[in-house]
Amino acid sequence: MYRSPQEPARGRRVSVVRMCRSIKTLRRPDQSATEQEITEAALQYVRKLSGYRAPAKRNAEAFDSAVREVAEATQRLLDSLVAH
């Protein structure tokens, strides 16, 4: 669970983790995100988490699978959000 620096958990030191700047907000009021935008965001997210820009051959299948799964989860999230 994320806590802001103003709300430390019982005296523990809290650090703030910032999202990679190249991942942009995909929920926009004027237009839906494209499949390409969702895939690019998923790729950036998996790169950030894994620490790989391009994985070794032995990790390529796991990396590509993660990108697909993150993109699918992102699409489901965007589809399920309700606008005011």
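The values are calculated or read from the model by the stated rules, or taken from the named source; none is laboratory data. Computed from a prediction, not measured in an experiment: that's the story for all the values here. Note that we place each Cβ from the backbone using ideal geometry, even for glycine, and neighbour counts take in every protein chain shown.
What pairs come out if I take residues in the range 23-45 that are farther than 20 Å from residue 66 by Cα and pair them with residues that are modelled with pLDDT under 85 and assigned to a loop (DSSP other than H, G, I, E, B) whose C-beta lies under 9 Å away, six or more apart or interchain?
Filtered contacts from the range 23-45: 27/83; 29/83; 32/26.
Going by the structure shown, is residue 22 at pLDDT below 80, among the polar types (S, T, N, Q), surrounded by 10 or more Cβ atoms within 10 Å (Cβ to Cβ) and outside any helix (DSSP H, G or I)?
It is true that residue 22 is at pLDDT below 80, among the polar types (S, T, N, Q), surrounded by 10 or more Cβ atoms within 10 Å (Cβ to Cβ) and outside any helix (DSSP H, G or I).
Any idea which of 62, 66, 33 is within 27 Å of residue 81 (Cβ to Cβ) and at pLDDT 95 or above? Before the answer, list the steps.
Details: 62 fails: within 27 Å of residue 81 (Cβ to Cβ); 33 fails: at pLDDT 95 or above.
Result: 66 is the single residue among 62, 66, 33 that is within 27 Å of residue 81 (Cβ to Cβ) and at pLDDT 95 or above.
Would you check which residues across the range 47-84 are without any contact (Cβ under 8 Å) to a residue 24 or more places away in the chain and in contact with a Phe, Trp or Tyr (Cβ under 6 Å, 6 or more places away or on another chain) and list them?
55
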